[in-house]
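Visitor: The structure follows.
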Amino acid sequence: MAQPLVKKDDDQEDEEYSPFLGIEKGAVLQEARVFNDPQLDARRCSQVITKLLYLLNQGETFTKVEATEVFFAVTKLFQSKDTGLRRMVYLMIKEISPSADEVIIVTSSLMKDMNSKTDMYRANAIRVLCRITDGTLLTQIERYLKQAIVDKNPVVASAALVSGIHLLQTNPEIVKRWTNEVQEAIQSRAALVQFHALALLHQIRQSDRLAVSKLVTSLTKGSVRSPLAQCLLIRYTSQVIRDSSMNSQTGERPLSDYLEACLRHKADMVIVEAARAITEFSGVTSRELTPAITVLQLFLSSSKPVLRFAAVRTLNKVAMTHPLAVTNCNIDMESLISDQNRSIATLAITTLLKTGNESSVDRLMKQISNFMSDIADEFKIVVVDAIRSLCLKFPLKHRSLMNFLSNILREEGGFEYKKAIIDSIVILIRDIPEAKETGLFQLCEFIEDCEFTYLSTQVLHFLGNEGPKTSDPSKYIRYIYNRVILENATVRAAAVSTLAKFGSIVESLKPRIFVLLRRCLFDSDDEVRDRATLYLNTLGWDGSVGEIDKGVKEFLFGALDVPLVNLEASLRSYEPSEEPFDLSAVPKEVKSQPLTEKKAPSKKPPSFGVSANGPTSPIDAYEKLLSSIPEFSSFGQLFKSSAPVELTEAETEYAVNVVKHIFSGHIVFQYNCTNTIPEQLLENVVVIVDASDAEEFAEVTSKPLKTLPYDSPGQTFVAFKKPDGLPSTGRFSNLLKFIVKEVDPATGEAEEEGVEDEYQLEDLEVVAADYMLRVSVLNFKNAWESMGPDYERIDEYGLGVRESLAEAVTAVINILGMQPCEGTDVVPNNARSHTCLLSGVFIGNVKVLVRLSFGIDGPKQVAMKLAVRSEDEAISDAIHEIVANDEAISDAIHEIVANG
C-alpha cells in the first residue's frame, strides 16, 4: 500500500516523498478486483488504475495472464458514466497494449465513443483506437478519422492529427491519403491544431525535398498564425536553407528574409527560435548575425527566466565561433553572473570567458571566485573548461588563471570535477612552456591530499614525463616518495615507476633514487616490490650496468605503440617456449568495434573465410588463413590487411569483394566471392588480374576456388611480388572466370557438363595508405619531442578552393591512412584555421608522426603546412611525395563531397 505522507520538521533535511512509496504489484492486482464490483466506486477505481500506471511506468512487467486479467477487468469500466474514470480507462488500455485477439473486445466500445456527442470521449477514443488497431481495422475507421481532422472542436482535430503522426510509422500509405484534410487543418484558427497539422504534413512530404520546399515557401507568406506552428515552420525553413545552400553557387540564402521578419514577431518564442536559426547558418556572416544578436541582447534583461536562459544559451553557442559578434552583450551578461538561476549564471560566465579581452580577465576571475561555491559540480566543470580555453587564448594571463584552478582544486568536489581541473592544468603545462614549473608544483600539492586513486596515478605519471625535463628535477622527489609512504598499493606502485623515470633520465639523481627504491623492496604489496626490483636491476644499482640501453629505456618508460587490446590478446595466445615473447609481433592496427545492432541479411560476401561469430579478430583470422596456404607461407609476417573493397554492385548475380594483404615484399589479393543464383554451381573460379597499370608488381602465384555453390562464400587468391619495403602503387583490372553448371532445383544435383563464362569486376587500386597502419599515441607532444628533429621534413601546399576545412582535413587523413590523435580530426564549424595531429606505423615498422596546419581565406582557398617526423629519412620524404600529388587529394575531396 502507498505510505501516508509524513510531516517534516523545519530542521529536517529536504526529502522527496512519493504517495506510491512501497506499493507492490501483487497487492495492486488484488485491489484491481474492485473493477468487477456490481456497484462501481469511480474514485477508488481511478486510484487503482493510477497505481497500475505507476507500476508500468516504473518498468514493472506484467505476465501474459496478469495483463489479460487486468485488461478484461478494465473493459468492464466502460459501463460507468464518470468522465474522470473514462479518461483513466483510455490511458490504461493504451499502456497495456492488448494483443490482436483481445483488441476486438474493446473495439466496439471505442468506435461508439468515437461517434459520441461528448468531445472528450471522441478525442480519447481516436487516440486509443489508432494506438491498438492494425491496418485492417484502420481502413474501416479511416472515414471517421478524416472527418475528425477537420472537426470544429480543436481537441478532436488535434487527437486525429497526432494519431496520424504515430500511424505514419506503421501505415504510411493510409495516412498519405489524408493530405487534403491536413492542408485544410493548417488553416485552422486553433493554435494546437495548426501546429499538429503542419507537423503531420511535413512528415508526409519529408522524403520529397522539392515538396517540402514548396510547402515551406507557401506557408511563409503569412497563413500561419499559431506561435507553436511558427516555431515549427522556422525549423523547416532552416532545413530548406541548409539543403539549398549546398546546391547554390550564388551564396544567397532563400527564405532568409522570412527569418529576419520573424525577429519582429509579437511572440517571444518565435523571436528566440528565429534568432537561433539565423545563428546556426552555415558560414553565417556578421551582417546576418547582427539583427539576431540585437534581439537576444534585449532578452538578457527580460524579467522571464526562460527568456534570459534561451538568450544566453544561444549567445554562448555563437561565442564559440564568432566571439567578436557577442562582445556588445558583455555588459548585460555581467549582470547575469549574480542571477538566481544558476544555469543562466553559468552560461553567462562561460560566454564572458569566451568573448572577454585580456584586460577583463582579472575582473572576471574575482567575480567567478564568489560564484563557484554556489553551483553544482556539473556547472563547475563547464566553467573550468571555459577557463582553460581562455588561458590558451591569452597565455600571458596563465599565472592568474592557473592560480584560480589551483585554489578550486583544494576545495571540496567530486571526481569528475577534480578530473576536469587536473586535465586542464595538464593541457596548459603542455601548451604554455612558462606555466610548466607552476603547474607541476600545483599538481604536487594536490596529490599530498588527494582522495582519488585514479587522479593520483595520473598526476604521478605526468610528473614522471615532465618533471625530469625541468630546471630542478630534485624538488619533486619528496612529493613522489611521500606517496610511497602514505598511499595505497596502486598509488605506491605508480610512485615507484615515477621515481625510476627520474633515475633513468637525470643521472645526478640516480644514487638518491637507488636509496629510495631499495626501501621499496620491503613493501607489503608484491606489485610494488616487483616494480622496485625490475627498475633497480634495469638502472644498474649494483654497478653492473653503465649507461642504460636505449631499447630498455624505451620499453620501460616510452609510450606503448600497440593497442592494449591487441597486446592482451597476443599475451593470452602466447605459449611458453624457449623463444621469448616478441612485442614487435603484436598487431598495431586499430580495430573498430563491430556494430551490435541486427542488420538485414545481405548478399554481400563476408570479409574473410572464418566464422563471424568467433572471438578471433580480423587481423588474426587473416593471418591464420594465409599461413595455412603453402603458396604464401614464405612471404613472412603479415603487415596489414585492408578493409574489404567491393568490386560488384549490390544485387548482382555474383557478389565479390577484395581484401589487400600487405607483406614486406609481396601483396596478396583475397577475393571473397558469393554466388547469388540458386540454379547455378560455379567451378574452377579464378580472378584474372591485369597489372599493366602497375609496373612495379609481378604476379607470382594464384589459388583458384574449386567450387562455389549458391549462397556459400568462398575465396580465391592472387599474389604479386613488389619491391621490398617500398610503397608501390598501381591499378589492377579484374576479370572473374569460372565454369557454370546448371543445378536441378528438385534434386539439388548439378549437371556434369558446364559452360565457361566470365564476369567483369571493378578495377582495384593499391594506394600509399595501404602501407600505413593506424596506430594512435597517448601523448602526441611527448611522442613528437622524443622522435627528435633529425628526420623532420616541412613543406607547404595549396589545396585549391574548398567548401570548408573539414573536407580538406578528411581528404588528407584518407590519403595518408594515419590515425588522428587527441580528437584533432574534428574541425569546428566556420573555423578559418585548424591543426590536425596524425600518427601511424609505415611498412617496415617505422613510426611516423605528422602535424598538419590548415588555413582558409576569403575566396575559400585552402593552404596546408605539413611537418613530418619519422625514424627514417626516406619515409619522411615519401610522406611529402604522397601529399604532393594534388590530383589524389582533389579526387578524395570530390569523393567526400559526392558522398555527402
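The values are calculated or read from the model by the stated rules, or taken from the named source; none is laboratory data. The model shown is predicted, which means the values in this text are computed figures rather than measured ones. So basically every Cβ, Gly included, is an ideal-geometry build from the backbone, and we count neighbours across all protein chains shown. When the accessible area is computed, the model is the full protein with side chains, heavy atoms only, and any ligands, DNA or RNA have been set aside. Shrake-Rupley method; radii C 1.70, N 1.55, O 1.52, S 1.80 Å.
Visitor: Work out from phi, with θ = phi - 60° and the Karplus expression 6.51 cos²θ - 1.76 cosθ + 1.60, the ³J(HN,Hα) of each residue of region 685-695, listed in order in whole Hz, and give x for Gly and Pro.
Guide: 7, 8, 10, 8, 10, 9, 9, 5, 9, 9, 5
Visitor: Over what distance in Å are the Cα centres of region 476-544 and region 825-849 separated?
Guide: 36
Visitor: Of the listed pairs 152/221; 354/781; 112/221; 64/112; 317/781; 176/304, which have alpha-carbon separations greater than 32 Å here?
Guide: 112/221; 176/304
Visitor: Answer with one residue from 162, 441, 496: the one whose Cα lies farthest towards the positive end of the charge dipole of the chain, charges on Cβ with Lys, Arg +1 and Asp, Glu -1.
Guide: Value computed over the given set: 162.
Visitor: Which value, in Å² rounded to 10, gives the accessible area of residue 299 with a 1.4 Å probe and all protein chains present?
Guide: Number for this one is 30 Å².
Visitor: What shape does region 357-446 take by its C-alpha gyration tensor, where a ≥ b ≥ c are the square roots of the eigenvalues and a/c under 1.5 counts as rounded, a/b above b/c as prolate, and the rest as oblate?
Guide: Cα axes put region 357-446 in the oblate bin.
Visitor: Per residue of region 142-159, in order, report the coupling 6.51 cos²θ - 1.76 cosθ + 1.60 (Karplus, θ = phi - 60°) as ³J(HN,Hα) in whole Hz, putting x for Gly and Pro.
Guide: Residue by residue, region 142-159 yields 4, 4, 5, 5, 4, 5, 5, 4, 9, 5, 5, 7, x, 5, 5, 4, 5, 4 Hz.
Visitor: Going by Cα centres, region 409-471 and region 295-332 are how many Å apart?
Guide: 34
Visitor: At 1.4 Å probe radius, can you tell me the per residue accessible area of the chain in Å²?
Guide: 51
Visitor: Still on this structure, please answer the following. Can you work out ³J(HN,Hα) from phi for every residue in region 173-183, in order, using Karplus 6.51 cos²θ - 1.76 cosθ + 1.60 and θ = phi - 60°, giving whole Hz and x for Gly and Pro?
Guide: 5, 6, 5, 5, 7, 9, 3, 4, 5, 5, 4
Visitor: Report the charge-dipole magnitude of the chain in Debye, nearest 20, computed about the Cα centre from +1 at each Lys and Arg Cβ and -1 at each Asp and Glu Cβ.
Guide: Taking the Cα centre of the chain as origin, the dipole is about 4620 debye.
Visitor: Now for a different question. For region 660-679, list residues with backbone N below 20 Å from a point placed 7 Å from the Cα of residue 751 toward its Cβ?
Guide: Counting only backbone N, you get 675-679.
Visitor: Considering amide H positions built from the backbone, and no H for Pro or chain starts, which residues 5 or more places from residue 265, or on another chain, come under 5 Å of its amide H?
Guide: Distant-sequence amide H within range of residue 265: zero hits.
Visitor: May I pose another question? Once neighbouring chains are kept in place and the probe is 1.4 Å, which whole percent of the accessible area of region 357-446 is contributed by carbon and sulfur?
Guide: For region 357-446, the apolar C and S fraction of the accessible surface comes to 52 percent.
Visitor: Rounded to the nearest 0.05, what FRET efficiency is calculated for residue 109 and residue 530 with R0 set to 56 Å and r the Cβ-Cβ distance?
Guide: Computed FRET efficiency for residue 109 and residue 530 comes out at 0.15.
Visitor: Based on the mean of other beta carbon atoms within 10 Å per residue, what is the order of 766-779, 47-60, most packed first?
Guide: 766-779, 47-60
Visitor: Starting from the Cα-Cα distance between residue 865 and residue 582, subtract it from 0.36 nm times their residue separation and give me the gain in nm to one decimal.
Guide: 98.1 nm
Visitor: Moving to a separate point now. Highest first, please rank the peptides 213-222, 846-855, 732-741 by the mean number of other Cβ atoms sitting within 10 Å of their residues.
Guide: Per-residue mean Cβ counts within 10 Å order the peptides as 846-855, 732-741, 213-222.
Visitor: Say the dipole of region 632-783 comes from +1 at the beta carbon of Lys and Arg and -1 at that of Asp and Glu; which of 776, 715, 654 then lies farthest toward its positive end?
Guide: Among 776, 715, 654, the one farthest towards the positive end of the dipole of region 632-783 is 776.
Visitor: Per residue of the chain, what 222 nm ellipticity follows from adding -39500 (n - 2.57) for every DSSP H run with n ≥ 4, rounded to the nearest 500?
Guide: Taken over the chain, the calculation gives -15500 deg cm²/dmol.
Visitor: According to a simple spin-label model (label point 7 Å from Cα along Cα-to-Cβ), what is the distance in nm between residue 39 and residue 684?
Guide: So the two model labels end up 9.5 nm from each other.
Visitor: Sorted by packing (mean other beta-carbon atoms within 10 Å per residue), highest first, where do 161-174, 355-368, 570-583 land?
Guide: Per-residue Cβ counts within 10 Å, averaged per peptide and sorted highest first, yield 161-174, 355-368, 570-583.
Visitor: Starting from the Cα gyration tensor of region 661-754, take the square roots of the eigenvalues, sort them a ≥ b ≥ c, and report rounded, prolate or oblate (rounded when a/c is under 1.5, otherwise prolate if a/b is larger than b/c, else oblate).
Guide: prolate
Visitor: Moving to a separate point now. Any chance you could run the full-extension gain for residue 703 through residue 209? It's 0.36 nm times the residue separation minus the Cα-Cα distance, nm to one decimal.
Guide: That pair, residue 703 and residue 209, stretches by 172.9 nm at full extension.
Visitor: How much length, in nm to one decimal, is gained on full extension between residue 144 and residue 256, taken as 0.36 nm per residue of separation minus their Cα-Cα distance?
Guide: Computed gain between residue 144 and residue 256 is 36.3 nm.
Visitor: Give me the percent of accessible area attributable to carbon and sulfur for region 630-766, probe 1.4 angstrom.
Guide: 45
Visitor: Can you tell which of 128, 514, 45 lies farthest toward the positive end of the dipole of the chain, using +1 and -1 charges on the Cβ of basic and acidic side chains (Lys, Arg; Asp, Glu)?
Guide: Of the options given, the answer is 45.
Visitor: For a test of the definition: using alpha carbon positions, the gyration tensor, and the 1.5 limit on a/c, classify region 448-542 as rounded, prolate or oblate.
Guide: oblate
Visitor: Something else about it: To the nearest 0.05, what FRET efficiency results for residue 269 and residue 303 with a Förster distance of 22 Å applied to their C-beta separation?
Guide: Computed FRET efficiency for residue 269 and residue 303 comes out at 0.90.
Visitor: With Cβ to Cβ distances under 15 Å as the rule, what net charge do the other residues near residue 189 carry (K, R +1; D, E -1)?
Guide: 0
Visitor: Computing the accessible area with a 1.4 Å probe over protein heavy atoms, can you report the carbon and sulfur percentage for region 771-898?
Guide: 48
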